[in-house]
Amino acid sequence: MIDDREAPPENPLAHRVKQLREENGQLQEAVDSHAVIDQAIGVLLTLGQLTPDQGWNVLRDVSQHTNIKLRHVAELIIEWARTSTLAADIRTELERQLAPYGERSRSPQSGGTMEAGTVGDPPDRLSPL
């Protein structure tokens, strides 16, 4: 029977390759996450006429107050932009977080001003600026 102390030492080069592959996977996941979060912030900027910092704050606060990971909230907001479907708890919290921006938020359907704190359905198609 061979125990761990008798195992042959791992090739240092093979060990380094393994470390680099793991690091590469983590970096790719971070890049993918960042892209999803940026897209969700873009949805909030478009629909709420917010600054990028305000969009980030709204996204972060919705995540914290619903106890849902930021990336998942971002994915839900992107899906909402495509399908007009958003879970009630997320919608409620999103409305609460957008309320302070009130008159600056515009209804995507009417092009007019939304009531403070209301989240309209996203447009069928977001047109370029």
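The values are calculated or read from the model by the stated rules, or taken from the named source; none is laboratory data. Note that this is a predicted model, so its numbers are computed, not measured. Note that we place each Cβ from the backbone using ideal geometry, even for glycine, and neighbour counts take in every protein chain shown.
Quick notes on this structure:
- Every test in (1) at pLDDT 95 or above; (2) surrounded by 12 or more Cβ atoms within 10 Å (Cβ to Cβ) is passed by T46 save one, and that test is (1).
- Within the stretch 88-100, tally of residues that are surrounded by 15 or more Cβ atoms within 10 Å (Cβ to Cβ) and either touching a Phe, Trp or Tyr at 6+ places or on another chain (Cβ under 7 Å) or over 10 Å from L44 (Cβ atoms) (or both): 6
- Contact map, the stretch 24-44: first residue β-branched (V, I, T), second residue surrounded by fewer than 13 Cβ atoms within 10 Å (Cβ to Cβ) and at pLDDT 90 or above, Cβ cut-off under 8 Å, separation 6 or more or different chains; pairs are I41/P52.
- Those residues of the stretch 39-60 which are of a type in the set (S, T, Y) and part of a helix (DSSP H, G or I), in sequence order: T46
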